[in-house]
1. Considering only segment 1-13, state which residues are assigned to a helix (DSSP H, G or I) and surrounded by 15 or more Cβ atoms within 10 Å (Cβ to Cβ).
2. With the checklist (1) modelled with pLDDT under 90; (2) surrounded by 14 or more Cβ atoms within 10 Å (Cβ to Cβ); (3) within 29 Å of Trp85 (Cα to Cα) in hand, flag the one item Leu271 doesn't pass.
3. Within segment 320-371, track down each residue that is under 18 Å from Gly388 (Cβ atoms) and either in contact with a Leu (Cβ under 8 Å, 6 or more places away or on another chain) or assigned to a loop (DSSP other than H, G, I, E, B) (or both).
4. Answer yes or no as to whether Gln73 is assigned to a helix (DSSP H, G or I) and either on the phi < 0 side of the Ramachandran plot or crowded, with 19+ Cβ neighbours inside 10 Å (or both).
5. Can you report the number of residues in segment 153-175 which are assigned to a loop (DSSP other than H, G, I, E, B) and among the hydrophobic types (A, V, I, L, M, F, W, C)?
6. Mind listing whichever residues of segment 202-236 are aliphatic (A, V, I, L, M), crowded, with 21+ Cβ neighbours inside 10 Å and modelled with pLDDT of 85 or more?
7. For Ala352, all conditions in the list (1) of a type in the set (A, V, I, L, M, F, W, C); (2) modelled with pLDDT of 90 or more; (3) surrounded by fewer than 19 Cβ atoms within 10 Å (Cβ to Cβ) hold save one; what is the number of the exception?
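The values are calculated or read from the model by the stated rules, or taken from the named source; none is laboratory data. For clarity, every value in this text was computed on a predicted model and none was experimentally measured. Here the Cβ positions follow ideal geometry from the backbone for every residue, glycine too, while neighbour counts run over all protein chains shown.
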Amino acid sequence: MLNDLIATALEDNRDVKIAAARIEEYIGRYGTTRSQLFPQVGADANGGKQRETKNTGPLPMVPGVDRTYSTYQGSISASWEIDIWGKLRRQTEAARAEVLASEEGRRAVVLTLVSTVAASYINLRDLDLQLEIAKATEESRRASLKIFELRYEASVISEMVLAQNRSEYEFAVASIPPIEIQIAQQENALSLLLGRNPGPIPRGQSINNLDLPIIPEGLPSDLLERRPDIVQAEQNLIAANAQIGAAKALYYPTISLTGLLGVSSTQLSNLFSSSSGLWSFVGDASIPIFTAGGIAGQVKQSEAIQQQALLEYQQSIQNAFSEVSNALIQHQKTKEQLAALERELEALKTYARLAILSYDNGYSSYIEVLDAETSLFSAELNYAQVQGIFYTSMVDIYKSMGGGWVTQAEGMTELSTSEQPKSTAFEKPESTTSELPEPSMLENIKGCLLYTSPSPRDRG
């Protein structure tokens, strides 16, 4: 079921579609920038009719002579900026890096989406487990309350004992609505991730049946190289560095070649005759002499942007190591906490059983039974909550390492062949990063896939 939810999210989530559209935007920018490396050719055609009065022509108006005439002209022009100093090449390099950065931005969105869907679903199933515990406790205490009411009617117990038992029952009843509220809110949040209107979410097997992968020891640090945010920061740095070269090229002359080839005639029938041809060829050089610091300002601006990109790149690496460390620590310590809570739960079960036995035999008051059962109920809910945190910590580990599923998920969101942009003159370099040695998350959480059960809302 989790796989189905993730597939739906990758297909319908609005953030993923926005990220994909942003890639197309940068591809268009790249195509526009790259086109400046090549000659620009255009065509022009015009025709007109004009009549001169006696006051407009160079000669006096001759009676009977028609001063009306037509002109026709057609031409092809071409211009080319010779990129001697590498300005256009550097701008193209920057645009290409921006495209690759936008692609990594989309991969970051995919990674975040998949991990959020997985964590949200785990949290939802954890809340379902808490609801089952609360309802089972409520059912057990309802049956106990009926027995105590009969005992009270038979004058076997006092009204105080009955009130204690009733308070225990009402406590269990009151614990159900808050959990149901959280379930509804979690379903609505997950629905939004799926690109749907808020509503119930289908379920698979219980959270207890999730099969999580084992984290190997000695994970290499180069696994972080596949994190989209790090690769994106790297491409932004490349783009910023290229812009410095483009800005420095403004100090040098700009050389352009312009040519014109065409025909001109006063008669349309003679437009293409040999005597009507015209042509021109012009070489143009523009040399900056005094710009009042304008070019220096652009260079300084580009250098400052490059320095920002460098610091952001370094920061992304530091954040990556911090996130991995935090995720591993949380996973290990939560595992230890879960083991301790499991031992506590077993002890409280024994305590509750012995307290009931002691009360039934007249060796203790009902207060001990009340205390034991209240403690057991709280421990069961706490164990379920920590179990959910333990499972989501695994998701955090995969997310912090770039995700064992991000490449697979990325393929599920790629544009179809008909939707692929036609301006793809760049090629993305092949990834040199390694993969996690263990199976992906999508392959390991198979306990959720076996069957679909109705939502707790539907079950009532």
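1. Within segment 1-13, Leu2, Asn3, Leu5, Ile6, Ala7, Thr8, Ala9, Leu10 meet the criteria.
2. If we test Leu271 against (1) modelled with pLDDT under 90; (2) surrounded by 14 or more Cβ atoms within 10 Å (Cβ to Cβ); (3) within 29 Å of Trp85 (Cα to Cα), just (3) comes out false.
3. Leu345
4. Numbers: assigned to a helix (DSSP H, G or I): no; either on the phi < 0 side of the Ramachandran plot or crowded, with 19+ Cβ neighbours inside 10 Å (or both): yes.
Judged against the criteria, Gln73 is not a match.
5. Going residue by residue through segment 153-175, those that are assigned to a loop (DSSP other than H, G, I, E, B) are 154-158, 175.
Subset that is among the hydrophobic types (A, V, I, L, M, F, W, C): 154, 156-157.
Adding up the residues that qualify gives 3.
6. Val231, Ala233
7. In the conditions (1) of a type in the set (A, V, I, L, M, F, W, C); (2) modelled with pLDDT of 90 or more; (3) surrounded by fewer than 19 Cβ atoms within 10 Å (Cβ to Cβ), Ala352 misses (3) alone.
Okay, residues lined up against (1) surrounded by fewer than 17 Cβ atoms within 10 Å (Cβ to Cβ); (2) at pLDDT below 90; (3) in contact with a Pro (Cβ under 7 Å, 6 or more places away or on another chain):
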position: Asp360; (1), (2), (3): yes, yes, no
position: Tyr363; (1), (2), (3): yes, yes, no
position: Tyr366; (1), (2), (3): no, yes, no
position: Val369; (1), (2), (3): no, yes, no
position: Ala379; (1), (2), (3): no, no, no
position: Asn382; (1), (2), (3): yes, no, no
position: Phe390; (1), (2), (3): no, no, no
